[in-house]
Amino acid sequence: MPALGVFARPPRPGRVKTRLIPDLGAATATEIYRFCLSHTLQIAADSGLEFSLFLSEAGEHPLFEGLPTRLQQGADLGARMAQALSILCRESNAGGLVIGSDCLDLDAAYLRRAAAALAEHDLVLAPAVDGGYALIGCRQPAPALFTDIEWGSDRVLATTLARAEALDLRVCQLASVRDVDRLADVEHYPELRRLLTPR
C-alpha cells in the first residue's frame with residue numbers, strides 16, 4: 001500500500017488558519033484548525049495506511065503523541081510536497097499520498113480509494129472546489145508537478161493536470177472535496193459552525 005503523509009502545523013494561535021483570523025479571531029481560527037487536524041489524524045489512522053506527519057515547524061502537541069513526525073523541507077509548498085512524496089515513495093514501492101489537515105470531506109474510505117487508484121495510475125488527485133486539490137498521490141516522484149505553480153490560486157489543479165499530460169502520466173481524479181480556508185467554508189459544516197464565538 002502507498003505510504004501517507006499528513007501536512008500539518010502545531011495548532012498555535014496566530015499561526016494557523018490565518019485567512020480566518022480577520023473574521024473570527026485567532027482563538028476561534030485555532031479551534032477550527034484543531035478540529036480539522038483531529039479529524040484528519042483520525043481518518044489517517046482508520047484508513048489502515050502507514051502514515052507520518054510532515055510538520056511545517058517544530059512543535060509538540062497532544063494530538064501528535066506517538067506519531068512519527070518529520071519537518072517539511074523546501075522553499076515553497078510545491079518543493080515541500082515534492083520532497084515529502086520522494087520520501088514516501090522510497091518507503092513504499094506502491095507510491096505515496098500527501099494530504100493537508102483541513103479537509104473534512106475526506107474520510108478513511110476516500111483515502112483507501114486513493115491508495116487503490118495508484119495500482120492502475122501514476123497520479124491520483126482529490127480536486128478541491130476552489131481550483132486546487134486536497135490530496136495528491138504518485139507512484140514515483142514527479143518534481144515537475146510542483147514547480148512554478150501559483151499556490152493558493154484557482155489554477156493549481158488545472159496547471160497540475162496540464163503538467164501530468166505533458167509527462168504522459170495516467171491520472172485518476174476522485175470526487176471533488178472542500179478545504180476549510182474561508183468563512184464560507186466554515187459555514188458549510190454544522191460541526192464547525194458550533195465552534196464560532198464572538199471575536
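The values are calculated or read from the model by the stated rules, or taken from the named source; none is laboratory data. Computed from a prediction, not measured in an experiment: that's the story for all the values here. No Cβ is skipped: glycine too gets one built from the backbone with ideal geometry, and neighbour counts run over all protein chains shown.
Data table
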quantity: Verdict on E120 being farther than 20 Å from L104 by Cα and touching a residue at least 40 places away in the same chain (Cβ under 8 Å); calculated: yes
quantity: Qualifying residues in segment 170-182 (those that are surrounded by fewer than 16 Cβ atoms within 10 Å (Cβ to Cβ) and out of contact with any Pro (no Cβ under 7 Å at 6 or more places or on another chain)) - the one farthest from Y33 (Cα to Cα); calculated: R170
quantity: Test result for L55, surrounded by fewer than 20 Cβ atoms within 10 Å (Cβ to Cβ), in contact with a strand residue (DSSP E or B) (Cβ under 6 Å, 6 or more places away or on another chain), modelled with pLDDT of 95 or more and more than 23 Å from V171 (Cβ to Cβ); calculated: yes
quantity: Selection count, segment 21-74, where residues are in contact (Cβ under 8 Å) with a residue 60 or more places away in the chain and in contact with a Gly (Cβ under 8 Å, 6 or more places away or on another chain); calculated: 1
quantity: Given (1) loosely packed, with under 15 Cβ neighbours inside 10 Å; (2) at pLDDT below 95, number of the condition F64 does not satisfy; calculated: (1)
